[in-house]
Structure formats: C-alpha cells, structure tokens
Amino acid sequence: MTLKWHIIPTGRVWVDPGGAFGLVPRSMWQKHQPPNQDQLIPMDLNSLLIFSGDKVILVDSGIGDKLSPKAMEIWGIEWPEGTMLENLKKWGVKREDVDIVINTHLHSDHSGGNTRIVDGKIEPTFPNAIYMVQENEYFDATHTNVRTRATYLPENFDPIFTNKRFHFLKGDSHITDHVRTVLTPGHTPGHQSVIVEGGDFPIFFVSDLASYAIHFAKTAWVTAYDVEPLKTIKSKEIWQKWAFDNKALVVFQHDITIRSGTLIKNEKNRYEIDVKEVGSLGK
C-alpha cells in the first residue's frame, strides 16, 4: 500500500514564553528559543498530511482564519509559508479530497481550521472528511471551566458535530494500516499523538506532548498550558523510551527551527534531539 507524508505549515503565532516554558528559568529556555524585542517567542502551527493507501489524512488543522481582528492581533498570527489550504494544494490536495481529519486535541490552534466561514455561516472545511478525536477530549471541549473556555472555541467543533462528521475514539486506535493514534495525556486529559508506520522508520507526531523539541528531550520541562503537568511527564517518560528504542523520527508541531529529529543519548546518558530535517516522505 502507498504511504507518503508531508509536514504542512498552517501559520505561526507569537506567544508569551511563560506559557510555553512554565517554571523553566529564563536563563535556560532562552538558549533554545530566544525572544524577540517584545519578549515574545514564535510557535509554528504545523499539520501532517498522510497518504495511506487510498486515504488522505490530515492531522490537526491549525488556527484557521475565523478569528476576529483583535484575536489575530493578540495571537500575532503570520503565514510566512502560506496557509493550510495553500500548502495542501502544493501536494495536489483540495478540501474535498481529505478523507480523515485527526484532531490531536481541540485547542483552537489545533482545530481552528476544522471549519470556515462561507456567506456568513460556519461549515466544515473538509466536506467529505470524518473528523476523529478522543471522546473525552470532546467532552472537555464542550464542558469548559474558567481555565479552558478561552481555548475551546465552539465554532471549531460544533459545526462538525451538527453535520454528523465526528467519529469519537476511545483510547489508542488504528486508523489505517499505516496510521494509529496513542493517548498521551497531560496537556489535556484526552490528548493524543499520531504514529505513522510502514516506511523505513516510524513517524511520531507528538503534538502538544512536546511543544518544542527541547520539551521532548527534557522530561521535566512542561508548559504552563498543560492541564495535568505530572501526567505530561509520565507520558513523556513512556514515549521517550518508545521513540528511542524504535529509532522514530519525531515531528514537532510548534518548533520553528527543529521540525523533526530522533532521540539519542549523550555521554551523560541523557536524552538529546538529533536534528534530522526530513520534511516529507515519497516526494
């Protein structure tokens, strides 16, 4: 069966480093991601396009273009490499061609592109796709609290539910012969990552298990965004070992300088990222 994959840029945002690095001291994190003159740091919003047999799969959909001008200013949104739909077209994929959208979780920077505005109405961006997300993630998105309501925006998932396009997953799931999802809780209780197998090496799309590559190498580095940070640490311990043992190519969704790499151990027997700038398979 055919297997191809490509990293799909969907935009870039500028955020306060306190969110991305939490309790990590500035003197440590700024070596890996220096802030700009406004003391903000960039985060890319990359998706993963997978051709698995006769299925076209998109993992996450970025922040989209439905935000108000004020929200766009707050996020500092840029499209230095083009929009999601523009980059999908580069690989010959139209909206109608996508069969499956996997949402790793439903935060707005991962699900905003799920829907679009047409003639003042919000509709699914990919009209023929089934959207897959963990069932408990959808529950949390629709039962928010004072901390989560600002990032779970109903316009990103209500139209999917209304149009009966959601398929809710219950734990680790095989999507196709090449693609499976695995629970990686911590960032949210229902957070999942995606594994692509069948090529020369497995691909591990971590999503917000590790915002930047350095987060995956350093177990204790967790973001202030994580709802359950101790579970993030536990998830990383499990999947660090798996990635190392399986020589997986780890794809980082938000890192603007290290989009992919393998996990290695240094002379102190500590994990490091060996950068491998592999943007796609099967060009």
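Values in this text are rule-based calculations from the coordinates and carry no lab data. Being a predicted model, the structure only gives us computed values, none of them experimental. Counting neighbours? That spans all protein chains shown, and the Cβs are built from the backbone with ideal geometry, glycine included.
A few remarks follow.
- When residues of the stretch 222-252 are limited to those that are among the small types (G, A, S) and not in a loop (DSSP other than H, G, I, E, B), the one farthest from I7 (Cα to Cα): S235
- Residue count for the stretch 72-127 satisfying the condition of being charged (D, E, K, R), free of Cβ contacts under 8 Å to residues at least 60 places away in the same chain and not in a loop (DSSP other than H, G, I, E, B): 9.
- Residues considered: T219, T257, T181, T188. Of these, the only one that is in a strand (DSSP E or B), out of contact with any Cys (no Cβ under 7 Å at 6 or more places or on another chain) and among the polar types (S, T, N, Q) is T181.
- Tabulated pairs, the stretch 190-201, first within 23 Å of P229 (Cβ to Cβ), second among the charged types (D, E, K, R) and crowded, with 24+ Cβ neighbours inside 10 Å, C-beta under 8 angstrom, 6+ apart or interchain: G190/E137; H191/E137; H191/D208; Q192/E137
- For the stretch 194-213, the candidate set comprises residues that are assigned to a helix (DSSP H, G or I) and of a type outside the set (D, E, K, R); within that set, the residue that is nearest to the chain's Cα centre (by Cα) is S207.
- Complete set of residues in the stretch 54-71 that are within 17 Å of T181 (Cβ to Cβ) and not in a strand (DSSP E or B): D60, S61
- Residues in the stretch 10-55 that are of a type in the set (K, R) and touching a strand residue (DSSP E or B) at 6+ places or on another chain (Cβ under 9 Å) were compared, and the one that is farthest from H110 (Cα to Cα) is K55.
For (1) in contact with a Phe, Trp or Tyr (Cβ under 8 Å, 6 or more places away or on another chain); (2) more than 30 Å from E197 (Cβ to Cβ), each residue gets a yes or a no:
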position: E137; (1), (2): no, no
position: Y152; (1), (2): no, yes
position: T162; (1), (2): no, yes
position: R165; (1), (2): yes, no
position: F168; (1), (2): yes, no
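- Considering only residues in the stretch 51-95 that are under 23 Å from E155 (Cβ atoms), of a type in the set (G, A, S) and over 19 Å from the mean Cα position of the chain (by Cα), the one that is surrounded by the fewest Cβ atoms within 10 Å (Cβ to Cβ) turns out to be S68.
- Residues that are surrounded by fewer than 13 Cβ atoms within 10 Å (Cβ to Cβ) and under 22 Å from M43 (Cβ atoms), drawn from the stretch 109-158: R147, R149, A150
- Any hit, the stretch 221-242, residues being of a type in the set (G, A, S) and touching a strand residue (DSSP E or B) at 6+ places or on another chain (Cβ under 7 Å): no
- Search result, residues across the stretch 214-239 that are buried (at least 18 other Cβ atoms within 10 Å of the Cβ), within 20 Å of W29 (Cβ to Cβ) and over 16 Å from the mean Cα position of the chain (by Cα): A217, K218, W221
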